[in-house]
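*Asks:* Got a structure here, written out as structure tokens. Questions coming.
The values are calculated or read from the model by the stated rules, or taken from the named source; none is laboratory data. Model, not experiment: these values are computed from the prediction. No Cβ is skipped: glycine too gets one built from the backbone with ideal geometry, and neighbour counts run over all protein chains shown. When the accessible area is computed, the model is the full protein with side chains, heavy atoms only, and any ligands, DNA or RNA have been set aside. Shrake-Rupley method; radii C 1.70, N 1.55, O 1.52, S 1.80 Å.
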Amino acid sequence: DHRVKNSLASIGSLLSMKARSAPDENVRLALEDASLRIRSLSSLHAELHDLEAGDLVDLESLFRRVRADLEQLLSEGVDLAISVEGGEATPQLANSLLLIVNEFVSNSVKHGLSAAGGRIEIAIATDGDKWSIRCRDNGSASAADAERAESGSGLGTRIVQSLATSHGASLDWRANGKGMELRLACAGA
């Protein structure tokens, strides 16, 4: 386990270093995105390592790690806030929430936030088999951008739609020129 965690951390750091020196913007964004995913996977791996069958993931601990990893990759001037209420989830749900956060943050940085920075807010709530997540940024996303996200035209939005479907969650994208908002909620069984 220690070797896997260190290997993931090394790969994430290597990708970050390569991204900083990449002369092409598209290459830089792809490397940063890959680094973000690997660092988040490393955080999830660390959180899942000590669980026994049937144990729940401590979401506060997981997303504290994820936030620290993501902040290292965000441009200067981008503020990230992640709040967790309730605190526990199955490993499957924790993984899905992690992927949703990664996709939203990545898309906010690529498409919505200005070069001067901005703010991304994530709010996660769990209560037994009920859960919700609200992600929003203060970028420039328009209603047309929300419609494109709703249609699943990009890989990230298709991933989010697939996760919502697999958990039986409602999915809602909203934007009005002052940022993008994504809401998912599952009422439970």
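*Asks:* For region 144-189, give me each residue that is outside any helix (DSSP H, G or I), open to solvent by less than 70 Å² (accessible area, probe 1.4 Å) and of a type in the set (D, E, K, R).
*Replies:* Of everything in region 144-189, those that are outside any helix (DSSP H, G or I), open to solvent by less than 70 Å² (accessible area, probe 1.4 Å) and of a type in the set (D, E, K, R) turn out to be ASP172, GLU181.
*Asks:* In addition: Any residue in region 134-152 that is of a type in the set (Gly, Ala, Ser) and at positive phi?
*Replies:* Pass one, region 134-152, residues of a type in the set (Gly, Ala, Ser): 139-144, 146, 149, 151-152.
With the extra rule that they be at positive phi, the set shrinks to 152.
Taking every residue of region 134-152 in turn, at least one turns out to be of a type in the set (Gly, Ala, Ser) and at positive phi.
*Asks:* I would also like to ask the following. Take ASP129 and decide whether it is at pLDDT below 90, charged (D, E, K, R) and over 11 Å from the mean Cα position of the chain (by Cα). Outline the logic, then answer.
*Replies:* On the way: at pLDDT below 90: yes; charged (D, E, K, R): yes; over 11 Å from the mean Cα position of the chain (by Cα): yes.
The answer is yes for ASP129.
*Asks:* Going through GLY156, GLY117 one at a time, which residue ends up being farther than 16 Å from GLU103 by Cα and either free of Cβ contacts under 8 Å to residues at least 60 places away in the same chain or small (Gly, Ala, Ser) (or both)? Full working, then the answer.
*Replies:* On the way: GLY156 fails: farther than 16 Å from GLU103 by Cα.
After applying the criteria, what remains is GLY117.
*Asks:* Please verify whether LEU62 is assigned to a helix (DSSP H, G or I) and open to solvent by 20 Å² or more (accessible area, probe 1.4 Å), treating the condition exactly as stated. Spell out how you get there, then give the answer.
*Replies:* Working: assigned to a helix (DSSP H, G or I): yes; open to solvent by 20 Å² or more (accessible area, probe 1.4 Å): no.
The answer is no for LEU62.
*Asks:* For region 113-132, which positions are surrounded by fewer than 22 Cβ atoms within 10 Å (Cβ to Cβ) and outside any loop (DSSP other than H, G, I, E, B)?
*Replies:* So in region 113-132, the residues surrounded by fewer than 22 Cβ atoms within 10 Å (Cβ to Cβ) come out as 114-119, 121, 123, 125, 127-130, 132.
Selection gives SER114, GLY117, GLY118, ARG119, GLU121, ALA123, ALA125, ASP127, LYS130, SER132.
*Asks:* Separate question: Here is a list of conditions, (1) open to solvent by less than 80 Å² (accessible area, probe 1.4 Å); (2) in a loop (DSSP other than H, G, I, E, B), and GLU76 meets all of them except one; can you say which number that is?
*Replies:* (1)
*Asks:* Out of everything in region 81-112 that is part of a strand (DSSP E or B) and open to solvent by 10 Å² or more (accessible area, probe 1.4 Å), what residue ends up being nearest to SER166 (Cα to Cα)?
*Replies:* Kept after step one, since they are part of a strand (DSSP E or B), are these residues of region 81-112: 81-85, 88-89.
Still in the running and open to solvent by 10 Å² or more (accessible area, probe 1.4 Å): 81-85, 88.
On the way: ALA81: 26, ILE82: 23, SER83: 24, VAL84: 22, GLU85: 22, GLU88: 19 Å.
Within region 81-112, the match that is nearest to SER166 (Cα to Cα) is GLU88.
*Asks:* Specify which of the listed residues (SER83, SER40, SER21) is under 20 Å from ALA125 (Cα atoms), at pLDDT 80 or above and polar (S, T, N, Q).
*Replies:* Working: SER40 fails: at pLDDT 80 or above; SER21 fails: under 20 Å from ALA125 (Cα atoms).
Among SER83, SER40, SER21, only SER83 is under 20 Å from ALA125 (Cα atoms), at pLDDT 80 or above and polar (S, T, N, Q).
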